[in-house]
Amino acid sequence: MNKELLLAVQFLLVVGTPIAHAQVGEPVDGFIERTKTVTYDCPNPDDFAGLENHLVSNNLTQSQKFALLVEKSHFLICDGKASDAQRLLFEITRWDDIDKQSYFYASAIYQIGFTYDLKEQPQRCEYYEQAQSLATERYSDIYLSATLGLITNCRMDLSVGERLGMMFNVLERYSKTNNYQALAHIHNSIGLIYGNLQQHVLAAEQYLKAHEMGLKVYTGSNQLTILISAISSLLASGQYERALESINEFERINRDVGTPLTNYFYYHALTGYYYRIGDIENLKAELPALERAVEPLSNPIYKAMVMWYQVVPCVYERDQECIADYFQSPESVHPAVKRHLESNLDYLKLMVDMQMVLRDWPQAEKAFDKYANRSSANNKHSQSSASILGVANLYSRISSLESEIERARRIKRTIVGVGIAVFLLFTLTITYYLRKKHQAKLTIDPATGLLNSDVAVSRIQRVQAPEKGKTNALALLDLSNFRELNMAVGLAKGNEILRNISKTLQKVTRDTDILGRYGPEQFLLCLPDIEEQSAMRFFDRLQRELDETRMGPPSHDTINVRSSMSIFIATERLSDMQSVLDELLLSINIKSDH
């Protein structure tokens, strides 16, 4: 999951109620007070011109100019120019005779910490601690933001369970208020902790709750608050349909917003979606828009993410020159960039693929070792008993707390008319029926009639452990000459090839087997509770039958299907499917290169 996106949206919130534009001649003190914005919101973009007009005045006191420049840095961060904001903040916090007990000084210190946080640099903790101390019992928004930053990123001396408990205490403190902005901020921070534990399903749920909270008070651009974080977690957890729905929602809102940062977030999310589902053609189509969107932004990690997606088609097309150019780019070795990318399994897998295309086998082996080590570390981290216990306890306590809040709100509400209740019940019933019907359609891949990848993987994960002496056998089949077959039958009939192959596979599989389409040219098959020798004989027979299948028009020479198969044998439940699938895909790639 892209942590930079998750961090940046903490500052992406925009004031919920539109404020009138700065009026000509508005006194500077009145302007400062009116436009002062809490740390977890963003200033109203319409006030930026008024701020610049006040800054050119020669009649400002030092405290007035300081306040205006702190607010300007707030604008810069929300506009994706964190490096510019950091330089400005360093300059003004060194001024002589600053009131270091003022709100704006505490805000400046917090903002410096946040700019370090965006780059995942350790200096963030020093500034968060200082901001927390300055704000204690005086500036609640700064205190909340600094506290959440410390819990999420700095208190590594504490166990995960302790940090989660601290986060719960913060949530409990605000839960009985109607401060939906603060609640959204807290849920977003809880999502960050879940994400750090690789619990992306739970992280996505928290981000969506934060988004829901924001919708209660925000309109327009502020509705984009945590939505991009939710999209990142949905993609990381393989919930591609829900991710696409959220991306479409983001795009609808962004039509009326269109800031440089929100434009980048949208195209990054859309390109990332196509990357995740293996749709390289659509990924290539969106790259020019993503490249334009990142140009005005200064964060090197944003630019590195664009370069990542730029090199993906090079790997797919086996363009060695393009890959070599990527490795020569200065951005690819920037320390912050390298640290961020090498924590991402998808990127490490891409590094393996790039070295294999270059046929640099020693480097490919080193890249695979990095991938394997990171995968093992992630698995240990996410599955540690303390982490899971902390997550489970916090999840339970948050759910209970939310139930209590909801009951309290129901008591406070006025009695709802019977007619409204009946109407809502009818609406919910119809919605449930239509949703169930829609979900049934979403389980099937339209091109093949088989289960789609999400459903197939989900069902395989639910398969129970085999009986003693038996296994759960998994195979990934790849059509090695799909393009050649496509040319033989005609480009417009590509789906016909997939349907014919699907029928071949369906003829030889059992009702208890799980068969689905995994990638554009790949099929996934699980044989539950079967003897290993029987499974291997079945897979051999299946591949022979598949390779004996011929395609092409009757009037021309037909072509044999050529396929590759990677097999995984398990004596327990296939609960960690992502790691298993990564190994299968890597094996397929190695076979295709040899």
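For Thr39, nonlocal amide neighbours, meaning residues 5 or more places apart or on other chains whose placed amide H falls under 5 Å from its own, are Ile142. Convex hull volume of the Cα atoms of region 200-279, normalised per residue: 71 Å³. Of the GluC sites (Glu not before Pro) found in region 36-144, the ones in coil according to DSSP and having at most 13 other Cβ atoms within 10 Å of their Cβ are Glu137. Computed on the Cα atoms alone, the convex hull of region 42-81 gives a volume of 59 cubic angstrom per residue.
The trypsin sites (Lys or Arg not before Pro) of region 109-164 that meet both conditions, a loop assignment by DSSP and at most 12 other Cβ atoms within 10 Å of the site Cβ, are Arg138.
Computed from phi, the 3J(HN,Hα) profile of region 241-251 under the Karplus parametrisation 6.51, -1.76, 1.60 (θ = phi - 60°) reads 5, 5, 4, 5, 4, 5, 5, 5, 5, 4, 5 Hz, with x in place of Gly and Pro. Between Ser480 and Arg562, Ser563, Ser564, the built amide H atoms are under 5 Å apart, and every one of these is 5 or more places off in sequence or on another chain. Sequentially through region 119-125, phi angles give Karplus couplings (6.51, -1.76, 1.60; θ = phi - 60°) of 9, 6, 9, x, 4, 3, 5 Hz, Gly and Pro residues having no value and appearing as x.
Looking at region 80-162, which chymotrypsin sites (Phe, Trp or Tyr not before Pro) are DSSP coil and have at most 14 other C-beta atoms within 10 Å of their C-beta?
On the way: sites: Phe90, Trp95, Tyr103, Phe104, Tyr105, Tyr110, Phe114, Tyr116, Tyr127, Tyr128, Tyr139, Tyr143; in loops: Trp95, Tyr139.
Qualifying residues, ordered by number: Trp95.
Using the Cβ-Cβ distance between Ala377 and Leu60 with R0 = 45 Å, the FRET efficiency computed as 1/(1 + (r/R0)^6) comes to roughly 0.30.
Across all Cα atoms of region 158-240, the radius of gyration (one decimal) and Dmax (whole number) stand at 12.8, 39 Å.
Along its first, second and third principal axes, ordered by size, region 139-295 spans 47, 32, 28 Å in Cα coordinates. For region 278-320, the residues whose backbone nitrogen is under 18 Å from a point 7 Å from the Cα of Arg339, taken along Cα to Cβ, are 299-305.
When the Cα gyration tensor is reduced to axis lengths a ≥ b ≥ c, the ratio a/c is 1.5 or higher for region 119-189, and with a/b not above b/c it is classed as oblate. Proximity of backbone amide H atoms, modeled 1.01 Å from N, is registered between Arg573 and Ala465 at under 5 Å, excluding neighbours fewer than 5 places apart on the same chain. For region 205-216, the Karplus equation 6.51 cos²θ - 1.76 cosθ + 1.60, evaluated at θ = phi - 60°, returns couplings of 4, 5, 5, 5, 5, 4, 4, 4, 4, x, 5, 6 Hz by residue, with Gly and Pro reported as x.
Pairwise Cα distances in region 279-334 exceed 13 Å in 61 percent of cases.
Taken together, the values in this text are just the output of simple stated rules run on the coordinates, not laboratory data. These numbers come from a predicted model, not from an experiment. Positions of Cβ are backbone-derived with ideal geometry, glycine not excepted, and every protein chain shown enters the neighbour counts.
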